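The values are calculated or read from the model by the stated rules, or taken from the named source; none is laboratory data. Small disclaimer: the values here were computed from a predicted structure and weren't measured. Because the Cβ atoms are built from the backbone with ideal geometry, glycine has one as well, and the counts that use them run over all protein chains shown. Ligands, DNA and RNA are stripped out before the accessible areas are found, and what is left, the full protein with its side chains, is counted by its heavy atoms. Shrake-Rupley method; radii C 1.70, N 1.55, O 1.52, S 1.80 Å.
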Amino acid sequence: MKKALKSLSFTLVFCMLLFSTLTAKADSVITVEGVSQNSISIKWTAKSDVAVTHYYVGIATNESDATANCTNAIAPETTSYTFNDLQAGTAYSIVLKYATKSSSAAEETLTKYASAVVYTLPGKPANVRLTSWSTASNKATIEWTGTGNAIGYQVQYEDADGDSSSVIVNDTKINISTENTSYLKNVKVRAYITVNDNKKYSDWSDSVFCFAQPTIREAEDGYEVYVKNGKLYVQWEKLDAPVTGYEVYVSTKRNGTYTKVKTISGKGKTTASINKYKGKKFNAKKPYYVYVVAYKKTSAKTYRSSANYTVFYNKGETYLTFRKQK
């Protein structure tokens, strides 16, 4: 029982501390009921010493404009309001007025009742993706799109052994060491702003699964990419990750548009023969750029490895080169 009470007490204290970071400045009259990246919900104590005919609320990025914007009339029995269509990660001044009206007055008299400064949550990061997995430097680069005036990001992920890591960065990308892991799972990002020296976080992004690009197998005089009898043949090393299969892409230009020419289902498959490229047989005397990616298919999404390395085939000779990521 004592342990349960102690746990309950800790939870209550934590909730109070979290709630206190919702406002930078507020009168006790106004209570923040909820905050999202584009809305703020407030509640206030009813004015009891005068006969209120209406309440008026206004919002802006400064108190002067919020005061001028106090044009939303609210019935006197209502003591709550939600502001929508706001900008993420932004400080808003909220002004509350009450109106009174004497029997002889033609118009209401408005009096300022309370004010508060409230921050919306920063925007949820989007498009979290693997842009590079270097086998030479043992580093994976994860990038994302940040929104909502964020000043930093928290990145969480797990390695192949299930060990979790959490890193704070000030950029919209991170380099993760992959020296002791063959893949990264549950990679997710959330943005934050700082209010009264406390971090306020956005929702977590969707999580992604990341793994290395398969390595095309080396031959005695190059790489296992060759053309024979009008067909292209490719061999690669099996990837040490829980992938669903592999895809082969071909282009005639290193940084041109690559066409997927083969999908191979099965983690253990490491060879492919391709009959045609853009409706034509392969010509052993023509140049081709070839790379292989691995993919993992889930019920929600298909994840693919990076695609930095490509093998250049030129009249029977093969060379490893790099392509720009789009």
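Answer with yes or no whether THR194 is surrounded by fewer than 19 Cβ atoms within 10 Å (Cβ to Cβ) and either without any contact (Cβ under 8 Å) to a residue 12 or more places away in the chain or under 12 Å from the mean Cα position of the chain (by Cα) (or both).
No; evaluated as a whole, the condition is false for this residue.
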Exercise. Filtering the range 277-301 down to residues that are without any contact (Cβ under 8 Å) to a residue 40 or more places away in the chain and not in a loop (DSSP other than H, G, I, E, B), which residue is most open to solvent (accessible area, probe 1.4 Å)?
Worked result: LYS280
Problem set entry | VAL189 vs. criteria surrounded by fewer than 16 Cβ atoms within 10 Å (Cβ to Cβ), aliphatic (A, V, I, L, M) and part of a strand (DSSP E or B) | no
For this session: State all residues of the range 118-129 that are of a type outside the set (Gly, Ala, Ser) and either in a loop (DSSP other than H, G, I, E, B) or surrounded by fewer than 21 Cβ atoms within 10 Å (Cβ to Cβ) (or both); if no residue qualifies, say none.
Result: THR120, LEU121, PRO122, LYS124, PRO125, ASN127, VAL128, ARG129
Problem set entry | Single unsatisfied condition, ILE264 versus (1) assigned to a loop (DSSP other than H, G, I, E, B); (2) free of Cβ contacts under 8 Å to residues at least 24 places away in the same chain | (1)
Seminar exercise, completed: Filtering the range 228-264 down to residues that are among the β-branched types (Val, Ile, Thr) and open to solvent by 20 Å² or more (accessible area, probe 1.4 Å) yields THR244, THR252, THR257, THR259, VAL261, THR263
Exercise. When only residues in the range 209-222 that are part of a loop (DSSP other than H, G, I, E, B) and over 22 Å from TYR295 (Cα atoms) count, which is most open to solvent (accessible area, probe 1.4 Å)?
Worked result: GLU220
For this session: Name the residue, out of SER177, SER132, SER182, SER115, that is open to solvent by 50 Å² or more (accessible area, probe 1.4 Å), out of contact with any Cys (no Cβ under 7 Å at 6 or more places or on another chain) and among the hydroxyl-bearing types (Ser, Thr, Tyr).
Result: SER177
Seminar exercise, completed: The condition of being farther than 21 Å from SER265 by Cβ and assigned to a loop (DSSP other than H, G, I, E, B) holds, among ASP206, ASP240, only for ASP206
For this session: Go through the range 32-89 and give me each residue that's open to solvent by less than 60 Å² (accessible area, probe 1.4 Å), touching a His at 6+ places or on another chain (Cβ under 8 Å) and either in a strand (DSSP E or B) or at pLDDT below 95 (or both).
Result: ILE74
Problem set entry | Meets criteria (of a type in the set (S, T, N, Q), over 30 Å from SER28 (Cβ atoms) and either open to solvent by 60 Å² or more (accessible area, probe 1.4 Å) or in contact with a Ser or Thr (Cβ under 7 Å, 6 or more places away or on another chain) (or both)) for SER164 | yes
For this session: Evaluate the following for VAL225: is it open to solvent by less than 10 Å² (accessible area, probe 1.4 Å), more than 27 Å from GLU143 (Cα to Cα) and touching a Ser or Thr at 6+ places or on another chain (Cβ under 7 Å)?
Result: yes
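For ALA284, indicate whether it is of a type in the set (Gly, Ala, Ser), at pLDDT 95 or above and over 19 Å from SER134 (Cβ atoms).
Considered against the rule, which asks whether it is of a type in the set (Gly, Ala, Ser), at pLDDT 95 or above and over 19 Å from SER134 (Cβ atoms), ALA284 comes out as yes.
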For this session: Only residues that are part of a strand (DSSP E or B), surrounded by fewer than 19 Cβ atoms within 10 Å (Cβ to Cβ) and among the aliphatic types (A, V, I, L, M): list them for the range 90-112, please.
Result: ALA91, LEU110
